[in-house]
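Shown below is the structure under consideration.
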Amino acid sequence: MSISNPKKIILASKNEHKIAEIKSIIRDEKISLLTLNEFQEGITIEETGKDFLENAIIKARAVYEKFNLPTISDDSGLVVPALNGEPGVYSARYAHASASDWENNLKLINKMKKLSLKETEAHFETAMVFYAPQKSLVLKANGIIKGKVLTTPRGENGFGYDPIFIPQNHHLTFAQMSEREKNEISHRRAAINDLMKKLNFSLLVSQN
Ligand code: IMP
């Protein structure tokens, strides 16, 4: 039986990779998942948070206030403890404001080389938020994948720091894995799973 009036939720993203990954997990006929690509009006959001969660909340609140619909937002990045947590919230703009993935990778590699590190512990992290203040609902979720970063990039797939990141208990970099292999273990997947659990739980509670 199809649902005639699914609940509209905005996914605060224009990134097709991310949208596809999240849509493949949130498959629920009661939900119609819209994205920022479906709205003609653009929105510019300054990501000024000091951590991933703050940035995810800033994004969700801005999108909700503009379009007045429950919103899912996320913010992710790579954390390298040996570099005091860099690039962290600056992952997308580590080398400079409009840096390419390669420029960001190179900056990280050079910093590791200065410390004579061939590889070092690192993790990807995603903070994800479901923001529906009209229902008094703000859910916060988190996902992490631990691993290490290398100074020698490997592989062609993926994006960002994928060519220099090897997840724990694996031998291939994210960029050497298929999209499917990566998505099954990614930080984003872990955050989506965490959010879905919390969303179902809070719906259950609100029905009682
Ligand atoms: P976003 O918040 O998901 O847009 O991620 C911000 C930045 O973190 C990206 O531009 C990438 O540099 C980095 N990043 C986030 N997730 C990944 C990933 O799965 N692989 C590689 N880099 C990532």
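Computed from the coordinates by the stated procedures, all read-outs in this text should not be read as laboratory data. Keep in mind that this is a model prediction, so the values were computed, not measured. Positions of Cβ are generated from backbone atoms using ideal geometry, with glycine treated the same way; all protein chains shown enter the neighbour counts.
Compute the longest continuous run of the chain that contains no exposed chymotrypsin sites (Phe, Trp or Tyr not before Pro); treat a site as exposed when its DSSP state is not H, G, I, E or B and it has at most 16 other Cβ atoms within 10 Å.
40-158
While we're on this one: Using helices alone, I'd like the mean residue ellipticity at 222 nm for the chain: each DSSP H run of four-plus residues gives -39500 (n - 2.57), total over residue count, nearest 500.
Computed mean residue ellipticity for the chain: -10500 deg cm²/dmol.
What percent does the relative contact order of the chain come to when contacts are Cα pairs within less than 8 Å and at least six residues apart?
17 percent
Name the lysines eligible as straight-distance cross-link partners of K114: C-alpha to C-alpha under 28 Å, and not fewer than 8 places from it in the same chain.
K114 reaches K50, K146, K148.
OK, next. Can you list which of the trypsin sites (Lys or Arg not before Pro) found in the stretch 106-208 are DSSP loop residues with at most 12 other C-beta atoms within 10 Å?
K118
Let me check against my output: what whole-number percent is the relative contact order of the stretch 122-203, with C-alpha pairs under 8 Å and at least 6 apart?
This gives 32 percent for the stretch 122-203.
If you project the alpha carbons of the stretch 1-126 onto the principal axes, what extent comes out on each, in Å, largest first?
Its Cα atoms span 60, 30, 22 Å along the three principal axes.
What is the distance, in nm, between label points placed 7 Å from the Cα along the Cα-to-Cβ direction at N5 and at I144?
4.3 nm
Mean Kyte-Doolittle hydropathy of 0.0 or higher plus an axial Cα length of 15 Å or more: which whole DSSP H helices in the chain meet both?
52-67
Convert each backbone phi in the stretch 121-130 into a coupling constant with the Karplus relation 6.51 cos²θ - 1.76 cosθ + 1.60 (shift: θ = phi - 60°), then list the ³J(HN,Hα) values in order as whole Hz, x for Gly and Pro.
4, 7, 8, 8, 9, 10, 9, 10, 10, 10
Further, regarding this structure: Express in nm, to one decimal, how much length is gained between S98 and N84 on full extension, taking 0.36 nm for each residue of separation and deducting their alpha carbon distance.
2.8 nm
Mind listing which GluC sites (Glu not before Pro) in the stretch 77-186 are in a DSSP loop and have 13 or fewer other Cβ atoms within 10 Å?
Here the GluC sites (Glu not before Pro) that fit, given the DSSP loop and packing criteria, are E156.
Using modelled amide H (1.01 Å from N, peptide plane; none on Pro or chain starts), what sits under 5 Å from the amide H of L137, excluding residues fewer than 5 places away?
It is A132, by chain and number.
For the stretch 1-46, which trypsin sites (Lys or Arg not before Pro) pass both filters: DSSP loop (anything but H, G, I, E, B) and at most 16 other C-beta atoms within 10 Å?
Of the trypsin sites (Lys or Arg not before Pro), the ones in loops of the stretch 1-46 whose Cβ has at most 16 other Cβ atoms within 10 Å are K14, R27, K30.
Shifting gears a bit: In terms of Cα to Cα distance under 15 Å, which aspartates and glutamates are near enough to K7, apart from those fewer than 8 places away along the same chain?
Candidates past the 8-residue exclusion: D28, E29.
Name the residues whose placed amide hydrogens come within less than 5 Å of the amide hydrogen of K148, ignoring near sequence neighbours (fewer than 5 apart) on the same chain.
A122, I166, Q168
Same structure again: So how much slack lies between E119 and L137, counting 0.36 nm per residue of separation and subtracting their Cα-Cα distance, in nm?
2.3 nm
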